[in-house]
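Enquirer: Below you will find the structure I want to go over with you.
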Amino acid sequence: MAIAFQTRPALVAYVTCGDPDLTTTRNVILAAFDAGAEIIELGVPFSDPVADGRVIQRASDRALGRGTTLKKVLELAADIRRRSQAGLIIFSYLNPILQMGFRRFAQAAAQAGVDGALVTDLPVEEADDYLHEMRMRRLSTIFLAAPTSTDQRLEKIAQSANGFVYAVSRTGVTGAQERLLDDARQLVIRLRRFSRLPIAVGFGISTPAQFVGVGEFAEAAVVGSAIVETIEQNPGREPEAVREFINRLFLARPPSSAKMV
Amino acid sequence: MGTTMVSKQKARGNEPFSGRFGPYGGRYVPETLMAALEELELAYDEARADRNFQRRLEYLYRHYAGRPTPLLFAERLSKSLGGAKIYLKREDLLHTGAHKINNCLGQALLVERMGKHRVIAETGAGQHGVATATVCALFGFECVVYMGSEDMRRQALNVFRMRLLGAEVRPVTSGSCTLKDAINEAMRDWVTNVRTTHYLLGSVLGAHPYPVMVRDFHRVIGREARAQILKAERKLPSLVIACVGGGSNSIGIFHAFLKDKSVGLIGVEAGGRSQSLGDHAARFQGGRPGVLQGTLSYVLQDDAGQIATTHSVSAGLDYPSVGPEHAWLKDSGRAEYVSASDEEALSACQLLAQQEGILPALESAHAIAEAAKRAPRMRPSDIVVVNVSGRGDKDVDILREKLQFDAPGALVP
């Protein structure tokens, strides 16, 4: 069940849900879809985001301060689904999902019309029960592949992944970074030996040039911290600012890319 | 979640090297760290079987750290409490002032074996940070220690000691600015510099192989204590008592007694200032199974799975989760877990200082507090072994602030 991206590179946009509040998040997401984002990663804020840099840490704190929970994020997903058929992926740390229970989570996600999930701190070895519940409801299970992953691990990841594979562009936490595409390109080349799924490259992609650069070797680029920072810096006009940001990314794309399927 | 845990338990049993203790433990980290954990596990498995590694570790234990540590009969304390005879395992006498050096020496030898030169660590009370800075000086490693800004304030002396030893101490200002947040920041550093850096985790926490490896480096505490008490009393103790933050000193002393069913094992958590969530660090009283920082164990958290803040007068116990092997010892009934409040720990600190001339760390004072509750109810033929995991020099400022002997009109006990 590969997700078919329509443009190249397709934009996968991450937002921390509930920052600054869930209504704004909804409007930001609808604006992002309207601007051409193909998938939104609905970030569930967590108290201890070990894989995230400062920008998403701050956003998580703000969202938690507003009482955002996984349950509310799933309600938000259902609300968005009523207005758009574009891709929705839950992006969470494990503990909130574990406390809800894998079965209840998969049921609720399917009911909300979500397409799948990525659990940052759930490596494939620990994922059996999660995979079982998600597959029963035809939900995509997206896993991270890292530059440090051995070929043996990439093979396991490819076997468990569904929808697309998320290639982490570099070692490190989320957040903007100047040079990063060499590691990412090597990783994508290695991954292709084990998987025919489309590949989205993420972590540190913030500029139009990086975005377009990813398109040379991968189907999609994930932009997270740069969008979260745009939200942070534009209080009161978050959806418009995100739309403008996405427009700038797409302006750098070669004109033919929008027609690619 | 119940079915998840049961199925894993069936599939993997209680074999420690699966990385599981019953259902607890495991390896819940972002993919970027998985290769490093596999490398560490392999290096540790090889080292365990290597006689030369073991010989070097024993040499360092003996000549650098000062092992074996004495097991002291606390005669005046026992007499004043009435009841059982209390023995103290004197980990406070080790180089750097606490049991933490056992683990740091072991991991330093592993770092050398893996050919890495940069070491990072987290610290709460600063004892693990000081021990890490110490072994990094000894082995010539670059050393960065992450410490919550609140803990840096509480343990200013240890911050200075680490810097004296050549380590860089980086303040962590996120979350509650304590141990949990220092671990988050250390994990972020590790994720970034994983190819060149070893994370010298200071307790039986985190992803496999840490809980097993750190335990193994501390098992010497229990091995010595068991032999020492048999020599002194020709019988085993009724109780072994130790404080439990992450749980390294307690697992270290418990392990040698696990098969001695007559020996009760008691872990003492931080009861803090009240039983409300946020006011203590008693994971076994207010927590439930969850995943934090790489491992499945008891975690203090809210209904939605967000990790709770904690409080304890002792920075070393101020942590919302606990080593996964303790979770299993608790569920299986082999060990019992209780708590001592801030006030009880402060009193126990003075009690030991004034009865035996030993100033324990505030962490260890929690164990003393439990011994003081239990010993009077026991027979004179009973023996209680208490692990004095560290010395209290680092806590003098806090004790002074809390006890206010020098305040006008203060009652000197």
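Enquirer: Would you point out which residue out of B:GLU185, B:GLU122 is at negative phi and assigned to a helix (DSSP H, G or I)?
Expert: From the options B:GLU185, B:GLU122, the qualifying one is B:GLU185.
Enquirer: Being of a type in the set (Ser, Thr, Tyr) and away from every other protein chain (no Cβ under 14 Å) is the requirement here; does A:SER225 meet it?
Expert: Values: of a type in the set (Ser, Thr, Tyr): yes; away from every other protein chain (no Cβ under 14 Å): no.
No: the conditions fail for A:SER225.
Every residue, every condition in (1) under 14 Å from B:ALA367 (Cα atoms); (2) touching a residue at least 60 places away in the same chain (Cβ under 8 Å), yes or no:
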site: B:LEU230; (1), (2): no, no
site: B:SER250; (1), (2): yes, yes
site: B:LEU258; (1), (2): no, yes
site: B:GLY287; (1), (2): no, no
site: B:LEU292; (1), (2): no, yes
site: B:ASP302; (1), (2): no, no
site: B:GLY305; (1), (2): no, no
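Enquirer: Would you mention how many residues in region B:47-99 are within 22 Å of B:ALA133 (Cβ to Cβ) and part of a helix (DSSP H, G or I)?
Expert: Residues meeting the conditions: 15.
Enquirer: Output the residue which, of all residues in region A:127-185 that are surrounded by fewer than 19 Cβ atoms within 10 Å (Cβ to Cβ) and in contact (Cβ under 8 Å) with a residue 40 or more places away in the chain, is farthest from A:LEU197 (Cα to Cα).
Expert: Here the residue is A:ALA176.
Enquirer: Moving on to the next point. Have a look at B:LEU200, B:LEU165, B:LEU205 and point out the one that is within 14 Å of chain A (Cβ to nearest Cβ), touching a residue at least 24 places away in the same chain (Cβ under 8 Å) and of a type in the set (A, V, I, L, M).
Expert: Numbers: B:LEU200 fails: within 14 Å of chain A (Cβ to nearest Cβ); B:LEU165 fails: within 14 Å of chain A (Cβ to nearest Cβ).
Step by step, each of B:LEU200, B:LEU165, B:LEU205 is checked, and only B:LEU205 is within 14 Å of chain A (Cβ to nearest Cβ), touching a residue at least 24 places away in the same chain (Cβ under 8 Å) and of a type in the set (A, V, I, L, M).
Enquirer: For region B:86-100, how many residues meet the condition of being within 30 Å of B:LYS235 (Cβ to Cβ) and either surrounded by 24 or more Cβ atoms within 10 Å (Cβ to Cβ) or aliphatic (A, V, I, L, M) (or both)?
Expert: Number satisfying all stated conditions: 9.
Enquirer: Of the conditions (1) under 24 Å from B:ASP397 (Cβ atoms); (2) out of contact with any Lys or Arg (no Cβ under 8 Å at 6 or more places or on another chain); (3) of a type in the set (Gly, Ala, Ser), B:ALA133 satisfies every one except a single condition; which number is it?
Expert: (2)
Enquirer: Enumerate the helices (runs of 4 or more DSSP H) found wholly within region A:17-135, keeping only those where 1 or more residues are of a type in the set (D, E, K, R) and either within 18 Å of the chain's Cα centre (by Cα) or within 9 Å of chain B (Cβ to nearest Cβ) (or both).
Expert: In region A:17-135, A:22-35, A:54-65, A:70-81, A:102-112 are the helices (runs of 4 or more DSSP H) which contain 1 or more residues that are of a type in the set (D, E, K, R) and either within 18 Å of the chain's Cα centre (by Cα) or within 9 Å of chain B (Cβ to nearest Cβ) (or both).
Enquirer: Please enumerate the residues belonging to region B:19-63 that are farther than 29 Å from B:LEU329 by Cα and buried (at least 22 other Cβ atoms within 10 Å of the Cβ).
Expert: Result: B:GLU31, B:THR32.
Enquirer: I'd like to verify a number: residues in region A:234-256 that are farther than 18 Å from A:GLY204 by Cα and either surrounded by 15 or more Cβ atoms within 10 Å (Cβ to Cβ) or under 21 Å from the mean Cα position of the chain (by Cα) (or both), how many?
Expert: Matching residues across region A:234-256 total 9.
Enquirer: So which residues in region B:298-309 are closer than 19 Å to B:THR178 by Cβ and either assigned to a loop (DSSP other than H, G, I, E, B) or out of contact with any Gly (no Cβ under 7 Å at 6 or more places or on another chain) (or both), if there are any at all?
Expert: Residues satisfying the conditions are B:LEU300, B:ASP302, B:GLN306, B:ILE307, B:ALA308, B:THR309.
Enquirer: Looking for something over 30 Å from B:SER18 (Cα atoms), without any contact (Cβ under 8 Å) to a residue 60 or more places away in the chain and polar (S, T, N, Q) - is there at least one such residue anywhere in region B:138-159?
Expert: Yes, there is a match, as at least one residue in region B:138-159 is over 30 Å from B:SER18 (Cα atoms), without any contact (Cβ under 8 Å) to a residue 60 or more places away in the chain and polar (S, T, N, Q).
Enquirer: I've got another one for you. Within 14 Å of chain B (Cβ to nearest Cβ), outside any strand (DSSP E or B) and over 14 Å from A:LEU11 (Cβ atoms), is that true of A:GLY204?
Expert: The answer is yes for A:GLY204.
Enquirer: For region B:321-332, state whether one or more residues are crowded, with 21+ Cβ neighbours inside 10 Å, out of contact with any His (no Cβ under 7 Å at 6 or more places or on another chain), among the hydroxyl-bearing types (Ser, Thr, Tyr) and within 14 Å of chain A (Cβ to nearest Cβ).
Expert: Scanning region B:321-332, I find at least one residue that is crowded, with 21+ Cβ neighbours inside 10 Å, out of contact with any His (no Cβ under 7 Å at 6 or more places or on another chain), among the hydroxyl-bearing types (Ser, Thr, Tyr) and within 14 Å of chain A (Cβ to nearest Cβ), so the answer is yes.
Enquirer: Any idea which of (1) within 14 Å of chain B (Cβ to nearest Cβ); (2) modelled with pLDDT of 95 or more; (3) touching a helix residue (DSSP H, G or I) at 6+ places or on another chain (Cβ under 8 Å) is the one A:ALA161 doesn't satisfy?
Expert: With respect to (1) within 14 Å of chain B (Cβ to nearest Cβ); (2) modelled with pLDDT of 95 or more; (3) touching a helix residue (DSSP H, G or I) at 6+ places or on another chain (Cβ under 8 Å), A:ALA161 is out only on (3).
Enquirer: Which is within 22 Å of A:PHE250 (Cβ to Cβ) and of a type in the set (S, T, N, Q), of A:THR16, A:THR7, A:THR24, A:THR68?
Expert: A:THR7
Enquirer: Any residue that is among the polar types (S, T, N, Q) and more than 27 Å from B:GLY22 (Cα to Cα) - is there at least one of those in region B:332-347? Show your work before the answer.
Expert: Initially, region B:332-347 is screened for residues among the polar types (S, T, N, Q), giving B:332, B:339, B:341, B:347.
Retained after the next criterion (residues that are more than 27 Å from B:GLY22 (Cα to Cα)): B:341, B:347.
Within region B:332-347, one or more residues are among the polar types (S, T, N, Q) and more than 27 Å from B:GLY22 (Cα to Cα).
Enquirer: Here is a further query. Could you list all residues from region B:72-85 that are surrounded by fewer than 20 Cβ atoms within 10 Å (Cβ to Cβ), in contact with a helix residue (DSSP H, G or I) (Cβ under 6 Å, 6 or more places away or on another chain) and within 15 Å of B:ILE241 (Cβ to Cβ)?
Expert: Residue satisfying the conditions is B:GLY83 alone.
Enquirer: Looking at region A:136-158 only, could you name the residues that are more than 8 Å from every other protein chain (Cβ to nearest Cβ) and basic (Lys, Arg)?
Expert: Keep residues of region A:136-158 that are more than 8 Å from every other protein chain (Cβ to nearest Cβ), which gives A:136-142, A:151-152, A:154-156, A:158.
Correct list: A:ARG137, A:ARG138, A:LYS156.
Enquirer: Strands (runs of 3 or more DSSP E) wholly in region B:195-293 with at least 2 residues that are touching a Cys at 6+ places or on another chain (Cβ under 9 Å) and within 25 Å of B:SER341 (Cα to Cα) - which ones?
Expert: Strands (runs of 3 or more DSSP E) meeting the threshold: B:264-272.
The values are calculated or read from the model by the stated rules, or taken from the named source; none is laboratory data. Quantities reported herein were computed from a predicted structural model and do not represent experimental measurements. Because the Cβ atoms are built from the backbone with ideal geometry, glycine has one as well, and the counts that use them run over all protein chains shown.
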